[in-house]
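The values are calculated or read from the model by the stated rules, or taken from the named source; none is laboratory data. Every value quoted in this text rests on a predicted model; they were computed, and no experiment measured them. No Cβ is skipped: glycine too gets one built from the backbone with ideal geometry, and neighbour counts run over all protein chains shown.
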Amino acid sequence: MKSLIFGASGGLADAIAQALLAREWRVDLVTRKTKQDEVEHRFQNAVSQNRARVFAVDRKYSSFIPAQPCQAYFFTQALFSPKPIVSMNDAEIEREIEVGLVDVIQLVRRLLSQHLPGPGERRDYCFIGSTSSYAGFRNTSVYCAVKHGLLGFVRAMNDEYAQTNTRFWLFSMGTMDTEMGRRLTEQDRSSFLQPADVAGRIVDAICSDSNIFEPEVILRRRTIRFLEK
């Protein structure tokens with residue numbers, strides 16, 4: 001089985017790749033050129049064993065289309081800049097929406113167009129949402145808008161491909177203990193979700209042979225702790 005992960009330098013992407021490798025999947029990882037050396041170093045053993053490959057793009061992930069189709073695609077790329085909306089400039093707003101939503105949609109269109117699955121052939125398109133896909137939180141308005149957009153996209157795509165075995169998933173979770181999550185400096189990191197736990201749930205879902213399909217998976221934190229001021 002082959003998989004393709006976009007945004008491979010992130011903490012969750014790393015955990016998803018490790019979970020797939022543990023199940024003997026082949027993993028292709030796509031990252032930006034500025035992060036290529038870091039990702040190659042992290043997966044050097046899997047690369048040397050021909051179980052993983054690392055590719056790099058200059059700017060837009062939608063510029064990369066694999067030569068061969070994969071059974072599962074993971075879209076983990078996102079920007080997260082927590083600040084009041086009035087503290088953001090137009091370029092920051094446009095970039096956050098482009099990376100997290102516009103480029104993702106364009107990428108899916110190209111993948112579907114160039115690697116159309118055969119009758120009954122299963123393909124999984126896995127998007128990383130957030131609890132921000134279902135609620136709004138102060139100082140993260142653009143991020144929330146992007147994640148709400150992904151929710152609408154996944155719902156529409158599942159309707160568009162309802163009579164096929166092409167499945168679109170939105171995995172939405174609370175704050176994880178990743179570089180992105182640590183930007184929420186007012187919260188206690190000990191209450192953050194562990195990326196390996198989240199990745200395990202994601203990979204379990206797409207690898208299941210059951211006829212159960214849960215297109216919107218929400219993984220909330222049972223306990224949220226804030227730091228004392």
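Selection within segment 113-136: residues that are in contact with a helix residue (DSSP H, G or I) (Cβ under 6 Å, 6 or more places away or on another chain) and over 25 Å from residue 68 (Cα atoms). The member of this set that is surrounded by the fewest Cβ atoms within 10 Å (Cβ to Cβ) is 136.
Please work out if residue 110 is over 14 Å from the mean Cα position of the chain (by Cα), closer than 25 Å to residue 14 by Cα, among the basic types (Lys, Arg) and not in a loop (DSSP other than H, G, I, E, B). Yes; evaluated as a whole, the condition is true for this residue.
All of (1) more than 21 Å from residue 210 (Cβ to Cβ); (2) buried (at least 16 other Cβ atoms within 10 Å of the Cβ); (3) at pLDDT 95 or above; (4) polar (S, T, N, Q) hold for residue 166 with one exception: (1).
Scanning segment 38-61 for residues that are outside any strand (DSSP E or B) and farther than 19 Å from residue 12 by Cβ turns up 44, 45, 47, 48, 49, 50, 51, 58, 59, 60.
Figure legend. Inter-residue proximity from segment 40-65: first residues touching a residue at least 60 places away in the same chain (Cβ under 8 Å) and at positive phi, second residues among the aliphatic types (A, V, I, L, M) and surrounded by fewer than 16 Cβ atoms within 10 Å (Cβ to Cβ), beta-carbon distance below 9 Å, spacing 6+ or different chains. No pairs are indicated. Taking every residue in segment 133-153 that is under 14 Å from residue 172 (Cβ atoms) and pairing it with any residue that is surrounded by fewer than 18 Cβ atoms within 10 Å (Cβ to Cβ) and among the small types (Gly, Ala, Ser), at least 6 positions away or on another chain, the pairs with Cβ-Cβ distances below 6 Å are 144/136. Taking the listed residues 127, 64, 75, the one that is touching a Phe, Trp or Tyr at 6+ places or on another chain (Cβ under 7 Å), within 25 Å of residue 15 (Cβ to Cβ) and modelled with pLDDT under 95 is 64, with no other qualifying. Looking for something at pLDDT 90 or above, surrounded by 20 or more Cβ atoms within 10 Å (Cβ to Cβ), hydroxyl-bearing (Ser, Thr, Tyr) and under 17 Å from residue 16 (Cβ atoms) - is there at least one such residue anywhere in segment 139-154? No.
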